[in-house]
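Below is one structure; the comments refer to it alone.
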Amino acid sequence: MNLVLLGPPGAGKGTQAKLLEDSRSLVKLSTGDMLRAAVAAGTELGRKAGDIMERGQLVPDDLVIGLIAERMDKDEGGSGEGYILDGFPRTIAQAEALDRLLKERGKKLDRVIVMEVDDDALVERIAGRFACAFCGEGYHDIYKLPKVKGVCDRCGSSGFVRRRDDNEEVVRARLQAYHAQTEPLIDYYTRQGKVRAVDGMADIATVSKEISQALAGA
Ligand code: AP5
């Protein structure tokens, strides 16, 4: 099964992608994580993408499509039973490229989960977000604190980081990019009968249950 998690910044795509990866034999492909890794490593791609990401704009299609293609090639033979696409596609051109990349590998897209969240809730969610600096496990100041203060639940380390693009001004630019460039994908996939909407305002466990129900029969 191959699925896309679609929603605005802070909707919970990364949180739910991780839960799905842990509970099913699926491989998570997150363009945001890949781009941040390229920025941290100082690669040519990272140098091209870094400033764009800090402004909250979308990185050019050819760069992110190339990243996904490269990752799928590395995963040749398939280390799982399909892909969870988190943050990709974000434009119609990317959606068309995804159809092509899957088809070339004898696969197809089965479901698009649209995570519906109020814009106002997103700013609060993003402002409270932090992650383990070592394993990347995501947390939130209110909604998901480590079980033991200052210690990562997953790997036991004690270093945490916050993203450079998680401030109110950049979040508003990211939201604008979502509404203008990514939201049209909902119609694109609705026409293909692949969309299932979930209430992203519910708590993390409830959203996860709703997603499982939406994937039944896919
Ligand atoms: P990316 O990393 O994809 O960021 P995003 O889409 O803005 O989404 P976020 O990661 O901010 O949010 P999320 O939905 O994953 O929420 P999360 O689970 O963390 O992209 C960053 C940048 O890279 C883009 O701006 C762009 O420049 C570039 N880029 C990436 N992909 C691209 C592409 N395909 N094309 C072009 N450019 C691209 O949750 C947020 C917080 O809320 C967390 O703290 C979490 O614990 C908490 N939370 C989650 N669910 C709930 C819940 N149900 N209730 C309460 N709290 C919750």
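The values are calculated or read from the model by the stated rules, or taken from the named source; none is laboratory data. Because the structure is predicted, anything quoted here is derived from the model rather than measured. Positions of Cβ are backbone-derived with ideal geometry, glycine not excepted, and every protein chain shown enters the neighbour counts.
Table for the structure above
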{"read-out": "Any hit, the range 132-142, residues being without any contact (Cβ under 8 Å) to a residue 24 or more places away in the chain and more than 17 Å from the chain's Cα centre (by Cα)", "value": "yes"}
{"read-out": "Residue among GLY77, GLY10 that alone is within 7 Å of the ligand (Cβ to nearest atom) and either among the β-branched types (Val, Ile, Thr) or at pLDDT below 95 (or both)", "value": "GLY10"}
{"read-out": "Options ARG71, ARG90, ARG105, ARG100; residue that is more than 10 Å from the ligand (Cβ to nearest atom) and modelled with pLDDT of 95 or more", "value": "ARG100"}
{"read-out": "Number of positions in the range 2-26 that are surrounded by fewer than 18 Cβ atoms within 10 Å (Cβ to Cβ) and either closer than 20 Å to ARG90 by Cα or in contact with a Pro (Cβ under 6 Å, 6 or more places away or on another chain) (or both)", "value": "0"}
{"read-out": "Long-range neighbours under 7 Å by Cβ, at least six apart or interchain, first residue touching a residue at least 12 places away in the same chain (Cβ under 8 Å) within the range 29-46, second within 11 Å of the ligand (Cβ to nearest atom) and assigned to a loop (DSSP other than H, G, I, E, B)", "value": "LEU29/PHE88; SER30/GLY87; THR31/GLY87; THR31/PHE88; GLY32/GLY87; LEU35/VAL59"}
{"read-out": "The range 189-210, residues that are of a type outside the set (Val, Ile, Thr), more than 17 Å from the chain's Cα centre (by Cα) and surrounded by fewer than 16 Cβ atoms within 10 Å (Cβ to Cβ)", "value": "ARG191, GLN192, GLY193, ALA202, ASP203, ALA205, LYS209"}
{"read-out": "Boolean, GLY82 is on the phi > 0 side of the Ramachandran plot and either charged (D, E, K, R) or away from the ligand (no atom under 14 Å from the Cβ) (or both)", "value": "yes"}
{"read-out": "Cross-chain or 6+ apart pairs with Cβ under 8 Å, the range 161-174 first and more than 11 Å from MET53 (Cα to Cα), then aliphatic (A, V, I, L, M)", "value": "VAL161/ALA131; VAL161/ALA133; ARG162/ALA131; ASN167/ALA127; GLU168/VAL123; GLU168/ALA127; ARG172/VAL123"}
{"read-out": "From ARG47, ARG55, residue being near the ligand (Cβ under 10 Å from one of its atoms) and exposed (fewer than 15 other Cβ atoms within 10 Å of the Cβ)", "value": "ARG55"}
{"read-out": "Hits in the range 58-68 - residues which are crowded, with 16+ Cβ neighbours inside 10 Å and either among the acidic types (Asp, Glu) or more than 10 Å from the ligand (Cβ to nearest atom) (or both)", "value": "ASP61"}
